[in-house]
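To start, the structure itself, in structure tokens.
The values are calculated or read from the model by the stated rules, or taken from the named source; none is laboratory data. Small disclaimer: the values here were computed from a predicted structure and weren't measured. Positions of Cβ are generated from backbone atoms using ideal geometry, with glycine treated the same way; all protein chains shown enter the neighbour counts.
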Amino acid sequence: MIGVAPPPYDPAAPTTASTLPVGSPATVRAYVVEMFRRHRRAFLVLIGVNTVAVIASMVGPYLLGDLVERVSDGSHELRLGLTLTLFAVALVVQGAFVQQVRMRGAVLGEEMLADLREDFLVRSVGLPPGVLERAGTGDLLSRITTDIDRLAEAMREAVPQLAIGVVWVLLLLGGLVVTAPALAPAVLVAVPLLVVGCRWYFKRAPAGYRAEAAGYAAVAGALAETVDAGRTVEAHRLGERRIALSEQRVKEWTAWERYTLWLRSVLFPVVEVTNGIVLGSVLMIGGFFVLQGWIGVGQLTTGALIAQMLVEPVGMILRWYDELQVAQVSLARLVGVREIEPDSGDADVRPRGRDVHADGVHFGYLEGVDVLREISLRVSPGTRVALVGPSGAGKSTLGRLLAGIYAPRDGRITLGGAELSRMPAEQVRSHVALVNQEHHVFVGSLRDNLLLARTDAADGDLWNALGAVAAEDWARALDDGLDTEVGSGGLALTPAQAQQIALARLVLADPHTLVLDEATSLLDPRAARHLERSLARVLDGRTVVAIAHRLHTAHDADVIAVVESGRISELGGHDELVGADGAYAALWRSWHG
């Protein structure tokens, strides 16, 4: 029911993955202070320009009050010419400086927004790979899109406007004290009502907006997971269950949307009533003072006009402060990545060889639930290993452990005697590369997409890499060749072509150990077979761990590891395992038949 807060909401509950942390108030405050320090000169200039604009805006009420005072005193020297001239000059100054306030505020907002985007990207890229893997697509996507969009208006408008509004109110109150000091206490009559209303609202708003943002992330996560695993959902007839989950997430999110809307529907009328009380109290108290002869009619006029002028900046402060409540939640979600320790590792831990060894490895995504148990595997340099087994057995998880994405809960995984979990991520990536089904085409030229793997590569190296993955023919057929713009707004590559680009990056990166997780899954079987043969020549002498769903990949491997229920149940060559007539032999007969 609208007006009643929904039940307590756990932001982490809606997603199947563990979400990235939300920044604590201390982290948010520290980032805001850092942002102000970066742009303190622009803030000071904005406040200075706004001060001139506000002072110019008070010239009119002062002149009008002085004119009314002269008329009430029966003076014949009204000096209308001088009054109109000063008013016109003040109006021109006010207009010019208001334009500067808006322009400088917009520029400041865009600069802060650009810094925020860059800070989040830089920090996210530096996070341990396993953290981003566990966070899931929905949470990360909602932060980099929805939360940035919500912050955009706050950075462009709310922060500059809030600074402008505060300066405006302080100067108007100062002007009221100077021109009509007896009326200054009158504006305080409405303060208790405003304080009570704001305390009621801001006590409830932050939690409501946090839950609303988390609810939207849950919706995004549920939809992204369903779309990404569309074929699996269809194969296991999970459509109705996924639809029901999505509807539940949408229902929870909209409940919080209605709740925060109800909060605003209470606050805004309180603000409107407060504005009326301020003006009314000034007129009534000021009128009484005039009748008693304590102030003049001119002072009452000036005071009433300044009190009326207070309505706009007070409303501006509350309106934009409310926007900042939404923005603060988004900011906390974005700066939350600062609370994750970067993957520094120990630079002194270096491999002394190329052999990969898993010794007594246990690993699970959830506490107390192991996906892999008692895994021991030794891979000699230059060996081609195939991981086979039923879906859900833990093959991809084992591949990520061997690539250093995750660290085992128990046991050790070493490269050349050096423990992967203790090495810096960049150092691990220079030795071991992981290629999975997720292939990204970045906005830019085809050349730029390839140079991500090796920035100093010449065009000849790029063409050789494309040739190695059977992509040279279609790449040369492009009108602009390597300069062809691809990605959003450019040439739309097919999933198979995107997969070939990812594999070409792998060739350019030239690691000595590779983990391939269905790296050719988006190609048809004949093209995949041709590509794997081409890659075999390029990768000759390198250590390759391939998670094989097409068993011809296993047939060509030196060693086959059969993974069942989180354990390696069989280990050996193709002929050996077929002759053993075990799990692999059954898979081979089923697939080959």
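May I ask you to say which residue of V49, V33 is out of contact with any strand residue (DSSP E or B) (no Cβ under 9 Å at 6 or more places or on another chain), at pLDDT 70 or above, surrounded by 14 or more Cβ atoms within 10 Å (Cβ to Cβ) and in a helix (DSSP H, G or I)?
When all the criteria are applied, what remains is V49.
Checking each residue in segment 458-486 for being surrounded by 18 or more Cβ atoms within 10 Å (Cβ to Cβ) and under 25 Å from E426 (Cβ atoms) picks out L462, A465, A468, V469.
Against the list (1) of a type in the set (A, V, I, L, M, F, W, C); (2) over 17 Å from Q328 (Cα atoms); (3) surrounded by 21 or more Cβ atoms within 10 Å (Cβ to Cβ), the condition A205 fails is (2).
Annotation for segment 391-403: no member residue is assigned by TED's automatic domain parsing to the domain that holds T513, touching a helix residue (DSSP H, G or I) at 6+ places or on another chain (Cβ under 6 Å) and modelled with pLDDT of 85 or more.
Figure legend. Inter-residue proximity from segment 407-419: first residues under 15 Å from R429 (Cα atoms), second residues modelled with pLDDT under 90 and of a type in the set (K, R), beta-carbon distance below 9 Å, spacing 6+ or different chains. Indicated pairs: A407/R422; L415/R354; G416/R350; G416/R352; G416/R354; A418/R350; A418/R352.
Looking at segment 474-593, the helices (runs of 4 or more DSSP H) lying wholly inside it that each contain 3 or more residues that are modelled with pLDDT of 85 or more sit at 495-509, 574-580, 583-592. Of the residues A386, A433, A457, the single one that is of a type in the set (A, V, I, L, M, F, W, C), under 17 Å from L506 (Cβ atoms) and either outside the structural domain of A471 (by TED's automatic domain parsing) or part of a strand (DSSP E or B) (or both) is A433. I'd like the residue in segment 114-139 that is among the hydrophobic types (A, V, I, L, M, F, W, C) and modelled with pLDDT under 70 and, out of all such residues, is nearest to I405 (Cα to Cα). The residue in question is L132.
With respect to the conditions (1) closer than 30 Å to W294 by Cα; (2) surrounded by fewer than 16 Cβ atoms within 10 Å (Cβ to Cβ), R264 lacks only one, and its number is (1). Of (1) out of contact with any Leu (no Cβ under 6 Å at 6 or more places or on another chain); (2) within 18 Å of D228 (Cβ to Cβ); (3) buried (at least 17 other Cβ atoms within 10 Å of the Cβ), S391 satisfies all except one. Which? Evaluating S391 over (1) out of contact with any Leu (no Cβ under 6 Å at 6 or more places or on another chain); (2) within 18 Å of D228 (Cβ to Cβ); (3) buried (at least 17 other Cβ atoms within 10 Å of the Cβ) leaves (3) as the failure.
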